[in-house]
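**Student:** Before I ask anything, let me first share the structure, which is written out below as structure tokens.
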Amino acid sequence: MTALTDLTVHQALEALAQGQVSSLDLTRACLAQIERLEPVLHAFITLTPERALAQAEAADARRAAARHHPDEPLPPLLGLPIAVKDILALEGVRCTCGSRILETFVPPYTATAVQRLLDAGVVVVGKTNTDEFAMGSSTENSAYGPTRNPWDTERVPGGSSGGSAAAVAARMVPAALGTDTGGSVRQPASFCGVSGIKPTYGRVSRYGLVAYGSSLDTAGAFARNVADVALLFHLMAGHDPLDSTTLDVPVPPIELPAEPDLRGLRVGVPREYFIGGLQPEVEQAVRQAIAVLEALGASVHEVSLPHTEYALPVYYLIAPAEASANLARYDGVRYGLRVESDALWEMFRRTRGQGFGAEVKRRIMLGTYALSAGYYEAYYGQAQKVRTLIKRDFEVAFEQVDVIAAPVAPTTAFRLGEHTEDPLAMYLEDVFTLPTNLAGVPGLAFPVGLDGRGLPIGMQLMGPHFREEVLFRVAHAYQQVTDWHLRKPPLL
Amino acid sequence: MEYEPVIGLEVHAELQTRSKMFCACPVVDATQAEPNTAVCPVCAGMPGVLPVINQRAVEYALRVALALECEIATHSLFARKNYFYPDLPKGYQISQYEYPLAQHGRLPIFTSAGERAVRIRRVHLEEDTGKLTHVTTPEGETYSLVDLNRAGVPLLEIVSEPDLFSVEEVRAYAMALRTLLRYLGVNSGDMEKGVIRFEANVSVRPKGSSELGTRVEIKNLNSFRALERAVAYEIERQSRLLSQGQPIEQETLGWDEANARTYSQRSKEEAHDYRYFPEPDLPPLVVETAWIDEIRAGLPELPHARRQRFIQTYGLSPTDASLLVGERAVAEYYETAVKAAPHLPPRMIANWVLGELFAWMNESGESIEQLKAGPEALVELLEYLQSGEINQTTAKAVLLEMLQSGGRAAAIINSRGLRQVSDAEALRALVAQVLAENPAEVQSYLRGKETLAHWFFGQVMRAVGGKANPQVLRAELERQLAELKARQTS
């Protein structure tokens, strides 16, 4: 029999339903795996073992009680252990956002995305590591130390949701939640060889997701295959009265056909994503994966997203501008860190000076500048106009094709410290993931190969607004005929 | 040279909805509630929470905008106004900036010069800040306390064009706006609770000039008195500077109530850069035309329309009409009274409301709704007066008792035997008796001391306990005295 930690979400739920395992067994197995690997990987900022075991016990009790009432449906994820990125609030558990300024902050509320999964029965084992306030592409910007990649512990897991991606790859949990503002789910999924969804903006509530770039932030999920991701996504999605930017559109159940058949599907390949700087092995793996889709019946078409090259500057104006306002609330007055001083402004300065890390300060300054009187039109205003063009690129492309396939990142996982001295090189990690956030369209990342060093390579599928189910169907077909998603990091 | 002031007002009015602008916290009386008892993660600016627009606040804002005859924007936008202050939990205020809810309105004002419309530039929605209390301990230590009960209360900002040219007009505009807000049921008008606050933009220019002078902005004026005094002070200060050939600094001023003077808070160079940008957490505010129409149709009769109607229908003077419509409840009291007694002159009823009732309310602190004598009770009393059954003095005494005890006029008049003697027969005998009992005075009268007629009048009144109908009595007395005179000459 497979180890409990090797069970996928679907397998674990099946085993629970059959009474082959208890939630307590699963949760204990997760906690044991975490205990074994956490010293090496540091995927978590806060672990909640007591809470998790109590939830697991309650889930088992509920399942036992239900045997006498077979007609009453049980919550779909009852007893499933998961991890949650420490950007999403969970009532009663501190939410640091990877920052010193929130080291002691315990939210009295739960993020809607998390709450919906709690309502579906999940057990939360802990809060995972992240770049401070989700600003970064390597999880090195965490005030609590970096997370390491299970495939090579000298390398980064990607970021900012590196803790969640590493935890899923290392079989610490079968699934985890992340957030994606410019690639923070897809790029770590790619680096860690797992599957991850960045939903359409407005599809999953942002309530309780600590804001970085409000018009770009999305809550997503990781698992070891796309069918598992689809299940979590479906339960998280939908209109939330607490988030006015969620749309009241139906969330259809995601039907994943038993037979892989992509006949009639039109796959677009954007020429702007296959450029200089792309690691040859990445290009090769992605092109092979596209060939697999073609072999399953899809037609492949070259498309153009002509404004792709502007996504990086546009993103680094809009996201920091919004961040400069979103992070103004951390002033030491009401909660979190306060560095005392006799004078109010000195207290503000010291609290923020000591509470924030370098990257956060860099982006606050960048954003403040972009919004300043006299510069607003040239920077923020101009960026918004170009953002509209980038969105239009996708609309035009989706008149021709159903999905767009592209690499997630130009390279596989890089070494710790490789980009920390050069913010621009770090920013370039996100060139392929930023456009979807700017356009608000969904993106799904999943493994399509390993490079010469044995590091995972990811591909992303992008689709029209609110058409996540198409992405899941295509990627599921791919995973039915390939086994990249079944590969395990050598560490295990 | 003579100078003329040009003034524009920004009025901040809290909208007294049940819950706050962007969360479900109740709107509480900031002067009564325990600090920080109406606070939640949203209005405390905790991480990851999001605003949700209060529909009722939008409805209230539309009521005001429509009453001000504004053009309503079917699509308006919220923005973030960024600045650091301990009473601002998010580090930004959600407000409307480039695309306000309503623009280009007008409000009629009435001054000694007559009626005139003041143009309204814009009406927009925003959220209030918290409140800081600065404390100094006996040991001299200072600190500030933050109360977030008020943070997030819906606030309407109403900005006039620079259309006011005197302190009198400023006052008339501010009062008219307060009356309007109260009519619309969106604001209590309790100035002492800070539910309406003013900011005045003041400049002066040589009289007759059409150019605008350099303006200053006076912030945080929380009473009519402060508004008027601060504006008057600034007009005086700026006129003096200009007449001395000195320039006016463009700056933001505060008002020092204790020393009755303005003081500089920020110069133009130190002005805040609020770095406004569209609020990404809120979609555009869309108001359907059908909803606007529904709200427009539901508006009550507005103060200026009612004032016109009172003047035309009831023949009231403009001043009396203004006083009566100043408060919706007073106007309604008055009109109920008029309708309950169609044969009483409306002006008579107005006199009693504005005279006796206002005096009583001033003294007792009661509002018109709290009076023990309602409009029907008042006109019952006035009918006795009108028919001559009681006189003016008695009527005032009876009204006082009605207001104190809640009794009705008929019961009080009957139980005290206050009914006036109007019966000419009865008075004839009384007059004859008084004249017969005072022969010396009659002789003096007949010798030419005619002022004694008043004395005889008083004697008869005293004999009937003041209840004689004075007109009837006077006529009878004059008749009998004339008869005596005639007899003497013959």
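**Student:** In the stretch A:323-365, how many are under 15 Å from A:E132 (Cα atoms) and in a loop (DSSP other than H, G, I, E, B)?
**Tutor:** Number of matching residues: 5.
**Student:** Among the residues of the stretch A:122-130, is any under 23 Å from A:L366 (Cβ atoms), crowded, with 24+ Cβ neighbours inside 10 Å and either modelled with pLDDT under 95 or under 17 Å from the mean Cα position of the chain (by Cα) (or both)?
**Tutor:** yes
**Student:** Against the definition (within 14 Å of another protein chain (Cβ to nearest Cβ), of a type outside the set (F, W, Y) and either part of a loop (DSSP other than H, G, I, E, B) or surrounded by fewer than 18 Cβ atoms within 10 Å (Cβ to Cβ) (or both)), how does B:A24 come out, yes or no?
**Tutor:** Yes.
**Student:** Which residues, counting only those in the stretch A:318-360, are within 11 Å of chain B (Cβ to nearest Cβ), open to solvent by 20 Å² or more (accessible area, probe 1.4 Å) and of a type outside the set (V, I, T)?
**Tutor:** Answer for the stretch A:318-360, where residues must be within 11 Å of chain B (Cβ to nearest Cβ), open to solvent by 20 Å² or more (accessible area, probe 1.4 Å) and of a type outside the set (V, I, T): A:R334, A:Y335, A:G336, A:D342, A:A343, A:L344, A:W345, A:R349, A:R352.
**Student:** Next question. Within the stretch A:76-96, can one find any residue that is among the charged types (D, E, K, R), in a loop (DSSP other than H, G, I, E, B) and at pLDDT below 95? Show your work before the answer.
**Tutor:** Of the residues in the stretch A:76-96, the ones among the charged types (D, E, K, R) are A:85-86, A:91, A:94.
Cutting the leftovers down to in a loop (DSSP other than H, G, I, E, B) gives us A:86, A:91, A:94.
Checking the rest, the ones that are also at pLDDT below 95 come to none.
Taking every residue of the stretch A:76-96 in turn, none turns out to be among the charged types (D, E, K, R), in a loop (DSSP other than H, G, I, E, B) and at pLDDT below 95.
**Student:** Can you pull out the residues in the stretch B:408-463 that are hydrophobic (A, V, I, L, M, F, W, C) and open to solvent by 50 Å² or more (accessible area, probe 1.4 Å)?
**Tutor:** B:A411, B:A429, B:A436, B:A440, B:W455, B:A463 - these are the residues of the stretch B:408-463 that are hydrophobic (A, V, I, L, M, F, W, C) and open to solvent by 50 Å² or more (accessible area, probe 1.4 Å).
**Student:** Quick one: count up the residues across the stretch A:55-84 that are open to solvent by 40 Å² or more (accessible area, probe 1.4 Å) and in contact (Cβ under 8 Å) with a residue 12 or more places away in the chain. Walk me through how you get there before you give the answer.
**Tutor:** The initial filter retains those residues of the stretch A:55-84 that are open to solvent by 40 Å² or more (accessible area, probe 1.4 Å), namely A:55, A:57-58, A:61-62, A:64-65, A:67-74, A:76.
Applying the additional criterion that residues be in contact (Cβ under 8 Å) with a residue 12 or more places away in the chain yields A:55, A:57, A:62, A:74, A:76.
Residues meeting the conditions: 5.
**Student:** Considering only residues that are open to solvent by less than 30 Å² (accessible area, probe 1.4 Å) and more than 15 Å from B:E127 (Cα to Cα), which ones fall in the stretch B:44-72?
**Tutor:** Scanning the stretch B:44-72 gives B:P47, B:G48, B:V49, B:L62, B:V64, B:A65, B:L66, B:A67, B:L68, B:C70.
**Student:** Which of the helices (runs of 4 or more DSSP H) found entirely inside the stretch A:377-492 contain at least 1 residues meeting this: aliphatic (A, V, I, L, M), closer than 21 Å to A:L231 by Cβ and at pLDDT 95 or above? I'd like the intermediate steps shown before the answer.
**Tutor:** On the way: elements: A:382-400, A:423-428, A:434-439, A:468-481.
Counting at least 1 such residues, we get A:468-481.
**Student:** Among residues belonging to the stretch A:97-121 that are more than 8 Å from chain B (Cβ to nearest Cβ), assigned to a helix (DSSP H, G or I) and open to solvent by less than 10 Å² (accessible area, probe 1.4 Å), point out the one that is nearest to A:P146 (Cα to Cα).
**Tutor:** Across the stretch A:97-121, the extreme among qualifying residues is A:I101.
**Student:** Among the residues that make up the stretch A:48-70, is at least one of them of a type outside the set (F, W, Y), under 17 Å from the mean Cα position of the chain (by Cα) and either away from chain B (no Cβ under 14 Å) or not in a strand (DSSP E or B) (or both)?
**Tutor:** no
**Student:** Looking at A:P157, A:P174, can you tell me which residue is more than 14 Å from chain B (Cβ to nearest Cβ), under 13 Å from the mean Cα position of the chain (by Cα) and touching a residue at least 40 places away in the same chain (Cβ under 8 Å)? Let's see the steps before the verdict.
**Tutor:** On the way: A:P174 fails: under 13 Å from the mean Cα position of the chain (by Cα).
Just a single option satisfies the conditions, and that option is A:P157.
**Student:** Of all residues in the stretch A:391-421, count the ones that are open to solvent by 70 Å² or more (accessible area, probe 1.4 Å) and farther than 19 Å from A:V282 by Cβ. Outline the logic, then answer.
**Tutor:** Here is the first cut: in the stretch A:391-421, the residues open to solvent by 70 Å² or more (accessible area, probe 1.4 Å) are A:391-392, A:395, A:399-400, A:415, A:418, A:421.
Next cut, farther than 19 Å from A:V282 by Cβ only: A:391-392, A:395, A:399-400, A:421.
Going through the stretch A:391-421 one residue at a time, the tally reaches 6.
**Student:** I need a count of the residues in the stretch A:85-104 that are in contact (Cβ under 8 Å) with a residue 24 or more places away in the chain, farther than 16 Å from A:L47 by Cβ and acidic (D, E).
**Tutor:** Summing the residues that are in contact (Cβ under 8 Å) with a residue 24 or more places away in the chain, farther than 16 Å from A:L47 by Cβ and acidic (D, E) in the stretch A:85-104 gives 0.
**Student:** Next question. Give me the pairs: first residue in the stretch A:222-249 and more than 21 Å from A:A477 (Cβ to Cβ) and within 14 Å of another protein chain (Cβ to nearest Cβ), second residue open to solvent by less than 40 Å² (accessible area, probe 1.4 Å) and among the hydrophobic types (A, V, I, L, M, F, W, C), beta-carbon distance under 6 Å, and six or more apart or on different chains, which are they?
**Tutor:** A:D243/B:L50; A:S244/B:L282
**Student:** To continue, here is another question. Within the stretch B:300-334, can you find the residues that are hydrophobic (A, V, I, L, M, F, W, C), under 15 Å from B:A176 (Cβ atoms) and crowded, with 18+ Cβ neighbours inside 10 Å?
**Tutor:** If the condition is that a residue be hydrophobic (A, V, I, L, M, F, W, C), under 15 Å from B:A176 (Cβ atoms) and crowded, with 18+ Cβ neighbours inside 10 Å, then B:L302, B:A321, B:L323, B:L324, B:V325, B:A331 are the ones that fit.
**Student:** Check A:G182, A:G158, A:G178 and return the single one that is surrounded by 24 or more Cβ atoms within 10 Å (Cβ to Cβ), touching a helix residue (DSSP H, G or I) at 6+ places or on another chain (Cβ under 6 Å) and at positive phi.
**Tutor:** Exactly one of A:G182, A:G158, A:G178 is surrounded by 24 or more Cβ atoms within 10 Å (Cβ to Cβ), touching a helix residue (DSSP H, G or I) at 6+ places or on another chain (Cβ under 6 Å) and at positive phi, namely A:G158.
**Student:** It is to be established whether one or more residues within the stretch B:9-19 are in the same structural domain as B:E169 (by the TED database), more than 30 Å from B:S166 (Cα to Cα), among the β-branched types (V, I, T) and open to solvent by 20 Å² or more (accessible area, probe 1.4 Å).
**Tutor:** No, every residue in the stretch B:9-19 fails to be in the same structural domain as B:E169 (by the TED database), more than 30 Å from B:S166 (Cα to Cα), among the β-branched types (V, I, T) and open to solvent by 20 Å² or more (accessible area, probe 1.4 Å).
**Student:** Find the residue count for the stretch B:253-265, including only residues that are without any contact (Cβ under 8 Å) to a residue 12 or more places away in the chain, in a strand (DSSP E or B) and open to solvent by 40 Å² or more (accessible area, probe 1.4 Å).
**Tutor:** So the count comes out to 1.
**Student:** Anything in the stretch B:226-270 that is farther than 19 Å from B:G213 by Cα and within 14 Å of another protein chain (Cβ to nearest Cβ)? List them, or say none.
**Tutor:** Answer for the stretch B:226-270, where residues must be farther than 19 Å from B:G213 by Cα and within 14 Å of another protein chain (Cβ to nearest Cβ): just B:E270.
**Student:** Turning to a different aspect of this structure: Which members of the stretch B:81-105 meet the condition of being within 21 Å of B:L68 (Cβ to Cβ) and buried (at least 16 other Cβ atoms within 10 Å of the Cβ)?
**Tutor:** Step one: filter the stretch B:81-105 for residues within 21 Å of B:L68 (Cβ to Cβ), giving B:95-105.
Of everything in the stretch B:81-105, those that are within 21 Å of B:L68 (Cβ to Cβ) and buried (at least 16 other Cβ atoms within 10 Å of the Cβ) turn out to be B:S95, B:Q96, B:Y97, B:Y99, B:P100, B:L101, B:A102, B:Q103, B:G105.
**Student:** Of all residues in the stretch B:206-252, count the ones that are among the hydrophobic types (A, V, I, L, M, F, W, C), in contact (Cβ under 8 Å) with a residue 24 or more places away in the chain and more than 20 Å from B:E10 (Cα to Cα).
**Tutor:** Residues meeting the conditions: 2.
The values are calculated or read from the model by the stated rules, or taken from the named source; none is laboratory data. Just so you know, these numbers come straight off a predicted model, no measurement behind them. Counting neighbours? That spans all protein chains shown, and the Cβs are built from the backbone with ideal geometry, glycine included. Surface accessibility is based on the protein's heavy atoms, side chains included, excluding ligands, DNA and RNA. Shrake-Rupley method; radii C 1.70, N 1.55, O 1.52, S 1.80 Å.
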